[in-house]
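Reading through the structure tokens given below for one structure.
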Amino acid sequence: MVVATLNAMLINNVILSQFLGVCPFLGVSKKSSSAVGMSGAVMFVMIISSLVTYTIYALVLVPFGITYIQTIAFILVIASLVQLVEILIKKFSEGLYKSLGIYLPLITTNCAILGVAEGNISSIYSSDITFISGFTTAGFTALGTALGFGLVMFAFSSIRERLDSADIGEAWKGIPISLVTAGIMSIAFLGLKGII
Amino acid sequence: MQNFLNNPIGVIVVAALILVYIGTYILNKRTPVPEECRELFDNVSCTACSNFTCSHKGK
């Protein structure tokens, strides 16, 4: 489980290695506080959606031989789950809604969530392992992926905040220097390959 | 596509999931936003895409 978590967090980082979830990576990383809020919301939804999609795949789609609808089923599950999570947070936790609320609708279109759900099926699910074992591994993979997402979002937003006050050429300001920074971070994360 | 239409269970599962989505969407719309969080939506500034109709689009 620790290996699955670390692997998903550092080695196969969802943003810098798999290039999923790049929209929030570039769009919601201007301020550290926004990046932390977005990461929290992604972590929340990613773990729940991974567990739910794995369960639906293993207990509904495979037994009925309808695995070809997995992508559309996962999209609908994630979209419904985001709505459900938003309702629950609105009702029961004003504080959490204050910090995550505005980011929740954006997560419906976050391809990292769908990528993790699909990745769990292609890399973890097999008829040889028990449901509980696969379910647990899917949960820890989602946790690691979400932590990796949060780590990169926070690091990138901190760098962007410092870049705002840095003395850089006019043509490089904004997105150009951010993309160069993202490229350098991606190369840095390549150095972690081989740890596990 | 042929596979999808020939297997009623696939159609039923997709239809059920669509109904679940519509249900949760309507419920979410009817659930009021907490009073002190209303102004948060006026200050959002997402610049992730160019969809100007999105309520989260940065000004």
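The values are calculated or read from the model by the stated rules, or taken from the named source; none is laboratory data. These figures come from a predicted structure and were not determined experimentally. Please note: Cβ atoms are built from the backbone with ideal geometry, for glycine as well, and neighbour counts cover all protein chains shown.
Filter segment B:16-52 down to the residues that are over 30 Å from A:I175 (Cβ atoms) and acidic (D, E), then identify the one that is modelled with the lowest pLDDT.
B:E36
Okay, residues lined up against (1) free of Cβ contacts under 8 Å to residues at least 40 places away in the same chain; (2) surrounded by fewer than 20 Cβ atoms within 10 Å (Cβ to Cβ):
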site	(1), (2)
A:S33	yes, yes
A:I66	yes, no
A:L96	yes, yes
A:I113	no, no
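Among all residue pairs at least 6 apart or on different chains, which show Cβ distances below 8 Å where the first residue, located in segment A:10-28, is hydroxyl-bearing (S, T, Y) and the second is surrounded by fewer than 24 Cβ atoms within 10 Å (Cβ to Cβ)?
Close Cβ pairs satisfying both conditions: A:S17/A:I11; A:S17/A:S186; A:S17/A:F189; A:S17/A:L190.
Considering only segment A:14-32, how many residues are part of a loop (DSSP other than H, G, I, E, B) and within 14 Å of chain B (Cβ to nearest Cβ)?
Our first condition is that a residue be part of a loop (DSSP other than H, G, I, E, B); within segment A:14-32, this holds for A:14-21, A:28-31.
Those still in the list that are within 14 Å of chain B (Cβ to nearest Cβ) too: A:15, A:20-21, A:28-31.
Count: 7.
State all residues of segment A:153-192 that are part of a loop (DSSP other than H, G, I, E, B), surrounded by 14 or more Cβ atoms within 10 Å (Cβ to Cβ) and not aliphatic (A, V, I, L, M); if no residue qualifies, say none.
Within segment A:153-192, A:G174 is the sole residue that qualifies.
Which condition does B:G58 not pass, out of (1) modelled with pLDDT of 65 or more; (2) more than 7 Å from chain A (Cβ to nearest Cβ); (3) surrounded by 12 or more Cβ atoms within 10 Å (Cβ to Cβ), if it passes all the others?
The single condition B:G58 does not satisfy is (1).
Picking from A:V85, A:V52, A:V42, which residue would you name as being within 17 Å of the chain's Cα centre (by Cα), free of Cβ contacts under 8 Å to residues at least 40 places away in the same chain and surrounded by 15 or more Cβ atoms within 10 Å (Cβ to Cβ)? Lay out the reasoning, then the answer.
Numbers: A:V85 fails: free of Cβ contacts under 8 Å to residues at least 40 places away in the same chain; A:V42 fails: free of Cβ contacts under 8 Å to residues at least 40 places away in the same chain.
From the options A:V85, A:V52, A:V42, the qualifying one is A:V52.
Go through (1) closer than 30 Å to B:I9 by Cα; (2) at pLDDT below 85; (3) facing chain B (nearest Cβ under 8 Å) and name the single condition A:N110 misses.
It is condition (3) that A:N110 fails.
Looking only at segment A:41-87, count every residue that is at the interface with chain B (Cβ under 9 Å from one of its Cβ atoms) and over 16 Å from B:L17 (Cβ atoms) and tell me the total.
3
Which numbered condition in (1) touching a helix residue (DSSP H, G or I) at 6+ places or on another chain (Cβ under 6 Å); (2) closer than 18 Å to A:T136 by Cα; (3) at pLDDT 80 or above is the only one that A:M9 fails?
Only one criterion is unmet by A:M9, namely (3).
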